[in-house]
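Following: one structure in structure tokens, then a few remarks.
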Amino acid sequence: MTDKGLKITVVKDGQPIPQNIVKKFNLQIRDYATNLQYDLICDFVGIVRRENEILFAMPKHYMSIESFNKLSLEKKINHIKLILNVVFTYEKNLTYDSFENDKDLKTDFSFEAYFKIYDYFKKYGLFYDKKENIEKGYKGHLSWHKILSSSKKIISHNNLILFPFYVNKRENSTNLITKAMAFAINYTYYVLGDFVDLPNAVQLASWGVDKDMENNSSSVAFQLENLQNKIFKDADKELLNELIIFFRGLSSSKNNATKDFKHYHFNDVWEKAVELYLNDYFLCIHDDNFIFDSKGSNKHFKKIALKNYNVVKPHDILQPDHYYLDESEDKQYIFDSKYYTNLHEFDHKQFVYHILLMNRAAITYDALIVPTSGKTRTQVFVNINASYLPKEFNHIKIYLEHINMTAVLKNFI
């Protein structure tokens, strides 16, 4: 349930960020750049949480800060959730990136560890010390070894009667691993559950969030390490290792009150989101307009590498972001995603792509794809004067496709 006491401050990637916000949320040098006027410029997308104070850094062209501030708390949180789920989706896909080795994501949580801990919980439940006691009784699993060795043997009507019977009684007792498991799942949900789609372990609600574990995460990690030679099952060993990683991550945080979830290269996320959107909906270009269809597309855009185009430097590589060759119609599409604050100048790289690839198809379409908070629309960005082209060239156009960012991001998740 959303905490009604949350206070959300919003900034935008690529836009100035006030000094008092930098200080209030303890932002690091990596979180901002400096422009020619020495203004501090926000250089990440994500959130910083300090108790009930949230700093949200939204992507470029997502929406205006003024529009965001007019929204209800519930709608603000929905927007934050969309952005963070997009980053989460990107990070979970190993073909894009990974939580373990990623340098673009800054977080106080080890999400790789969190999901493995949760997977253990889903499969086995909480980890307990499992003890077996043998007691007198008839209900339960009979302990024949105890019965045969300890029970009195009585012969009645030519029948051997053993008395009393003994049964095995299994007891589960909590230990540090149990408490650490419950804490890792509940704490992650407590801090980020409003903003990221996490599995909700309602069965663990009674455990709450142990503040002593939060405040002494380094000590907890050390104590867990001391248990490593006392655990023998492979699944239990893996659980213990992931718990150690999780608590080490918490202990490495310089400020326990500040919880970060920042992505420093949202352009990479945007590129993959655009690729999926093109493959799902793009049909063609007609009358200088991109045509999208909700019924789906049969195109398969992908990033390609252009090698050996420079005989002087044969190791040079160029990589158009989104390329598709339609052999049946002898057409090719060369698109590049651009996550810029502003785009005004002629894109020389796109022109080079056209020249290098023009022999592959009779018709070549070039476009730069940029995010917008408004409606999706197509603009002719460059139309080369025919007098500058060889006679065999009909024309070279480069389109600027302003594509609604919210639609692309929702499609990505």
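The values are calculated or read from the model by the stated rules, or taken from the named source; none is laboratory data. These figures come from a predicted structure and were not determined experimentally. Reconstructed Cβ throughout: ideal geometry from the backbone, glycine too, with neighbour counts over all protein chains shown. Side chains are part of the model used for accessible areas, which takes the heavy atoms of the whole protein and leaves out ligands, DNA and RNA. Shrake-Rupley method; radii C 1.70, N 1.55, O 1.52, S 1.80 Å.
Peptide packing: for 197-204, 8-15, the average count of neighbouring Cβ atoms within 10 Å per residue gives the ranking 8-15, 197-204, highest mean first. The stretch between A407 and T9 holds 140.9 nm of extra length on full extension. This uses 0.36 nm per residue minus the Cα-Cα distance. Rounded to 0.05, the FRET efficiency of the K391 and N359 pair, given R0 = 22 Å and the Cβ-Cβ distance, is 0.85.
Averaged per residue, the range 327-397 has 60 square angstrom of accessible surface, using a 1.4 angstrom probe with ligands and nucleic acids left out. Dipole of the range 217-294 computed with +1 at Lys/Arg Cβ and -1 at Asp/Glu Cβ about the Cα centre; of L250, F222, I285, farthest Cα towards the positive end is F222. Once you reduce the range 324-342 and the range 215-242 to the center of their Cα atoms, the two points are 50 Å from each other. Peptides 307-317, 179-189, 344-354, 46-56, ordered by how many other C-beta atoms sit within 10 Å of their residues on average, highest first, read 179-189, 46-56, 344-354, 307-317. For the range 217-320, the spread of Cα positions along the three principal axes, ordered from largest to smallest, is 68, 46, 35 Å. Panel note: the C-alpha atoms of the range 260-301, placed on their principal axes, show extents of 44, 21, 16 Å (largest first). Estimated at 0.36 nm per residue, the fully extended path between L318 and L176 surpasses their Cα-Cα distance by 45.8 nm.
Between Q379 and K70, the FRET efficiency from the beta-carbon distance, with R0 = 30 Å, is close to 0.55. Taking 7 Å steps out from each Cα toward its Cβ at N298 and I29 produces label points 5.5 nm apart.
Give me the percent of the accessible area of the range 194-245 that comes from carbon and sulfur atoms, probe 1.4 Å, all protein chains in place.
Numbers: 1480 of 3060 Å².
Carbon and sulfur together cover 48 percent of it.
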